[in-house]
Amino acid sequence: MLTAGCDIGSLSAKAVIMEDGVLVASHVIFARPEPEESARAVMAGALSSAGASLEDIACCVGTGYGRNSVPFARAVESEITCHGKAAQWLNPGVRTVIDIGGQDAKAIRVDPAGTVVRYAYNDRCASGTGRFLEVMAGAMGIGVDDLGSLAAQAQDPVKLSNQCVVFAETEIISLINAGRNVPDIVGGLHRALAHRVASLARSVDLAQEVTMTGGVAKNPGMFQALEEALGVKLVRVDTDPQIVGAVGAALLAWQMAGGTA
Amino acid sequence: MITAGCDVGSLTTKAVVLNGGRVLGHALVRSSFDPEKSAAEVMDKALQAAGVTMDDLGFCVGTGYGRERIKFVKKTFSEITCHAKGVHFLHPTIRTVIDVGGQDCKAIRLDAKGEIEKFLTNDKCASGTGRFLEVMAQLLGVDLEDLGRMAARATAPVTLAGACTVWAQAEVVVHLNAGRPMPDLAAGVNEAMASRIAILARAVGIEKDVCMSGGVAKNAGVVAAMEKGLGMPLRRLKVDPQLMGALGAAVIAREKAGGNRC
């Protein structure tokens with residue numbers, strides 16, 4: 001039995017196809033202006049790599065901020081439920097999921113069945129989300145994908161005195177003018193973001209094991225910085241961390257269609 | 001007794017020359033990277049406007065974030081003390097001062113004598129500070145001054161849901177792309193700004209009369225939005241609200257001099 005999960009985020013759309021609870025295909029695209037268009041396009045991509053058509057899907061669950069615009073979804077679930085479900089399924093020992101997206105960050109505590117028992121999130125302040133790194137990378141004229149390798153070269157990471165994205169942007173420009181090298185600044189930015197996310201994670205009473213999901217988890221620099229900030233080792237998800245929400249949706253779809261996850 | 005106050009802010013540097021109860025001269029310059037230079041420059045201009053020289057000054061007080069770098073002052077005081085002093089000197093009935101500067105926002109509550117009872121500061125988040133308006137004006141491609149003027153022609157101000165400057169930017173872009181008229185965007189920006197400042201003002205406990213000081217108080221759109229949001233009129237200050245810190249510093253200088261020449 002094929003099931004699907006479709007996660008329509010603010011910046012990207014993700015779709016996952018599963019066969020009896022096993023991942024068979026996934027697809028990620030940049031979000032289109034219309035969420036419904038994103039949903040159709042990303043699902044078409046996933047279906048094509050699975051060699052299936054929409055009629056073959058027994059059940060599809062939508063999630064993400066555009067979840068109500070997924071025309072072929074039988075049900076919708078929150079990103080929190082989906083990330084919790086999938087992270088625990090991918091690594092059964094996981095009890096805390098830290099999901100950092102382009103516009104928000106969440107800390108989710110799950111029980112051994114992957115059910116959410118507690119969560120906290122920040123979508124009010126851009127600092128503490130992926131946008132922080134995006135804006136800073138833009139200000140320095142470097143690509144987001146290069147941040148991780150630059151952070152790894154940091155010798156003496158800068159300590160930022162501002163948290164606010166707007167104020168920090170001015171601060172790093174002064175740091176560049178003061179002759180600080182880019183790796184040290186990038187290293188400092190990772191530390192700053194990790195510090196913000198760590199306080200969010202502590203607010204749900206961090207329980208081990210801890211994993212990180214969401215687009216920002218693709219950045220190895222964030223793994224190291226967050227491990228330092230939390231003082232715990234993070235468990236890596238054995239898949240693209242960006243598709244974890246969609247995986248959770250596909251798992252929930254499978255359960256809904258009668259499968260046992 | 002002639003005294004002076006000099007306020008070195010993050011974006012502008014101000015000076016006021018006072019003779020007894022009367023403002024003799026004042027000046028405002030854009031702050032450079034060197035606070036010492038900005039202070040000297042603005043004081044020269046204010047003295048010239050007042051028609052006096054540095055030797056005529058009985059006492060001079062400094063304030064603002066760059067106050068420790070001013071060479072010619074005898075003493076320094078915080079912006080909060082100086083704004084409170086300046087406002088009370090002009091309008092003794094004012095009990096709540098909302099000072100919105102280029103990079104911070106302060107709500108100050110005074111007692112009947114003008115002593116500070118309580119104050120709150122936001123300098124952590126750009127939202128609710130002059131920087132928010134600056135970022136928005138730049139995004140809309142208009143001058144900061146036009147933001148207030150344009151808002152007066154708004155028919156249906158846009159609503160900005162998020163407080164964060166970064167998210168609000170994204171929201172404004174969506175409204176721009178949707179073809180919303182500029183006055184409606186400007187009014188939406190001012191209202192977002194006002195609602196953010198009002199949170200701080202309410203937290204300090206609003207008591208009448210209420211006024212705004214600092215550069216943002218010159219933006220008629222924000223003042224109107226504040227009045228609407230707080231549901232009460234704001235007192236307009238007799239002197240340029242952006243000079244309030246420097247004026248307060250000059251008033252303190254007069255008290256410190258105690259009538260003696262030094």
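Taking the DSSP beta bridges with both ends in the range B:93-236, the antiparallel portion is around 70 percent.
Taking amide H positions as modeled 1.01 Å from N, with prolines and chain starts lacking one, the residues under 5 Å from A:Gly64 and 5 or more places away or on another chain are A:Ile8, A:Glu79.
Projecting the Cα atoms of A:Leu251, B:Ala39, A:Ser78 onto the charge dipole of the protein assembly as shown, computed from C-beta unit charges around the Cα centre, puts B:Ala39 farthest toward the positive end. Ignoring lysines fewer than eight residues from B:Lys218 along the same chain, the ones with Cα atoms less than 17 angstrom from its Cα are B:Lys14, B:Lys106, B:Lys228, B:Lys238. A Förster radius of 41 Å, combined with the Cβ-Cβ distance separating B:Lys113 from A:Ala178, puts the computed FRET efficiency at roughly 0.35. Sorting A:77-85, B:119-127 by average packing, meaning the other beta carbons within 10 Å per residue, from highest down gives A:77-85, B:119-127. The fraction of all Cα pairs in the range B:64-114 landing in successive 10 Å bins from 0 to the largest distance is 23, 47, 28, 3, given as whole percents.
Ranked from largest, the principal axis spans of the Cα set of the range B:93-236 equal 51, 29, 23 Å. For A:Cys59, nonlocal amide neighbours, meaning residues 5 or more places apart or on other chains whose placed amide H falls under 5 Å from its own, are A:Ala4. Calculated mean residue ellipticity, 222 nm, chain A: -12500 deg cm²/dmol, from DSSP H runs (n ≥ 4) at -39500 (n - 2.57) each, averaged per residue and rounded to 500. Once both axes come from the Cα atoms, what is the angle between helix A:79-90 and the longest principal axis of chain A, in degrees from 0 to 90, rounded to 10? Computed tilt is about 80 degrees. Legend: calculated FRET efficiency, B:Asp55 to A:Ala58, from the Cβ-Cβ distance at R0 = 56 Å, rounded to 0.05, equals 0.05. Peptides A:175-181, A:22-28, A:218-224 ranked from most to least packed by the mean count of surrounding Cβ atoms within 10 Å: A:218-224, A:22-28, A:175-181. When the Gaussian network model of chain A links Cα atoms closer than 10 Å, the mean-square fluctuations of A:Leu54, A:Leu251, A:Leu200 top out at A:Leu54. Close amide-amide hydrogen proximity is noted between A:Gly101 and A:Lys106, A:Gly130, each under 5 Å apart and 5 or more residues distant or on a separate chain (H modeled in the peptide plane; Pro and chain starts excluded).
Cross-link partners of B:Lys118 among aspartates and glutamates, defined as those whose alpha carbon lies under 13 angstrom from its own and excluding same-chain residues fewer than eight positions apart: B:Glu207.
Based on the Stokes-Einstein relation at 10 °C and a viscosity of 1.306 mPa s, and on the Kirkwood radius from alpha carbon pairs, chain A is assigned a translational diffusion coefficient of 86 µm²/s. In straight-distance terms, cross-link reach from A:Lys14 covers every one of the lysines whose alpha-carbon lies under 21 Å from its own, apart from those fewer than eight places away in the same chain; here that gives A:Lys85, A:Lys106, A:Lys218.
Rounded to the nearest 5, the antiparallel percentage of DSSP beta bridges internal to the protein assembly as shown is 65%. Per residue of A:158-165, other chain Cβ atoms within 10 Å of the residue Cβ number 3 on average. Rounded to the nearest Hz, the phi-derived 3J(HN,Hα) couplings of the range B:19-33 under the Karplus curve 6.51 cos²θ - 1.76 cosθ + 1.60 (θ = phi - 60°) are 10, x, x, 10, 6, 7, x, 8, 7, 9, 10, 5, 5, 8, 5, where x marks glycine and proline. Considered as an equivalent ellipsoid built on the Cα gyration tensor, the protein assembly as shown has semi-axes of 54, 24, 19 Å, the largest given first.
With θ taken as phi - 60° and the Karplus curve 6.51 cos²θ - 1.76 cosθ + 1.60 applied, the whole-hertz 3J(HN,Hα) list for the range A:67-77 is 4, 7, 10, 8, x, 9, 7, 7, 8, 10, 9 Hz, x standing for glycine and proline.
Values quoted throughout were computed directly from the atomic coordinates according to the rules given, and no laboratory measurement underlies them. In this text the structure is predicted, and so the values were computed from the model without any measurement. Reconstructed Cβ throughout: ideal geometry from the backbone, glycine too, with neighbour counts over all protein chains shown.
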